[in-house]
1. What list of ³J(HN,Hα) couplings, whole Hz, do you get for the range 64-77 from phi and the Karplus terms 6.51, -1.76, 1.60, once you set θ to phi - 60° and write x for glycine and proline?
2. How long, wide and thick is the range 173-280, going by the Cα atoms along their three principal axes, in whole angstroms, largest first?
3. What nm distance separates the two modelled labels at R228 and S122, each placed 7 Å from Cα along Cα→Cβ?
4. Explain nothing, just the number: dipole magnitude of the range 173-280 about its Cα centre with +1 on each Lys and Arg Cβ and -1 on each Asp and Glu Cβ, in debye rounded to the nearest 20.
5. Using the scaling law 2.2 N^0.38 Å as the reference, what is the normalised Cα Rg of the range 251-292?
6. At 222 nm, what value in deg cm²/dmol follows for the chain if DSSP H runs of at least 4 each add -39500 (n - 2.57) and the sum is divided by all its residues, to the nearest 500?
7. Calculate how steeply helix 3-49 sits against the longest principal axis of the alpha-carbon atoms of the chain, using the helix alpha-carbon long axis, and give the answer as 0 to 90 degrees to the nearest 10.
8. So which lysines can K86 reach, going by Cα to Cα under 27 Å and dropping same-chain residues fewer than 8 places off?
Amino acid sequence: MTTRKLAIHAGLFAASCVTTYFAGGPYFAGTLMTILVCHEAGHYLVGRRHGVPVSLPYFIPLPPQISLGTLGAVISMAEPIKDRNKLFDVGAAGPLAGMVVAIPLLVIGLQLSEVGPPGPDSVIEGNSILYALLKLAVFGRWLPADGVDVQLHPMAFAAWVGFLVTMINLLPLGQLDGGHVARAALGQSHERWSLRLHVVLPIIGLVVGTVMLIAALDAGRDLLGALRYASYGVIPWTIWAILIAAMKRQGDGEYHPAVGDEPLAPSRRRAAILVLVVFLLIATPVPFRPVL
C-alpha cells in the first residue's frame, strides 16, 4: 500500500473521530468508533485470511449538524468473491464482530443511564427485542412504560446506534453484509428473492406507518400531527429501499454479483441461521419517533 493511500484511510478515520465527537461528545465518539472499527476489522481480517484483496476501511465522516457524525465505513474489493464459503465468511464477520463489542458497551452505557419521563418534544429511540431485553436485565422492567423511559447516556446511545447500523447492514439485499450472507446461502436464487424483498420494504413502511397513524389519532393528535408521527415509520423503510435500488443500479441491474455453484459448507449453513437470528433480535421497525 502506498503512503498516499494509507494517509487517505488514516485521514478519513481521524475526520470521523472528530465529527462523531462534535455530534455526541467523547463517550459517544469513542463507543461508536470502537464498534465501527471492530466491524470493519472483522471484514478485513477474514478477507485477508481467505486471500481476498480487500482494502483497509474508508470511514465516512459527515457534518455533525445534520447527522450522527458518520455514515459508517466501506471496504473495497478488487473483484467480487465467487466462492460462496469465502463470501459468507467475509460478509458475516463484520456484523458479528461489531455485535460482540456493541452488546457489552450497551450494557455499560445503560448502567450509566437513568430512567425518567421523556421531555414533551423528545424523540425517542426504537426498541428491538435484544435492546428491550437488555433494558429489562439492567433496570428490571420493560421500557418505555408508565410514562418513563431510559434517558440514554452517550455511551448507551452510541451502542444503540451500533445496533441500528448492524441491523441495516444485515438486510438480506444487495451488497450489504446481509446481502453477501444471503447470496452465499441461497446462490443464484438470491436474485429472485432480492426482488421480492425489495418490493416488500416500502410495504413494511406503509404498514408500520399505518399502525403509528392509528396510535397517534387514538392519542388525540390531529390528522396533520398524526401523519407527521406516522412518517417516522414510513421514511426509514423508504430510504432503505432507495439505497438498495441505487446499489442495484451501480451493479449493472443485479442486486449482487453471481457466485459459484458449490453450496455452503454445513457449518456455514448453521452459521447463516445464527446471522438471521441476530438480525431478528436487533430489527428496529421504527428507529426514532416523537413522544406521543
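We did not get these values from a lab; they are worked out from the coordinates using the rules stated. Everything numeric here is computed off the predicted structure, so don't read it as measured data. In this analysis, Cβ positions are derived from the backbone assuming ideal geometry, glycine residues included, and neighbour counts consider all displayed protein chains.
1. x, 5, 10, 7, 8, x, 7, 9, x, 7, 9, 10, 9, 10
2. Its Cα atoms span 57, 31, 17 Å along the three principal axes.
3. Once both label points are built, they end up 1.9 nm from each other.
4. Roughly 120 debye, rounded to the nearest 20.
5. 1.86
6. Dividing the helical sum by the residues of the chain leaves -22500 deg cm²/dmol.
7. Tilt relative to the chain: about 20 degrees.
8. Here the lysines satisfying the reach criterion relative to K86 are K5, K248.
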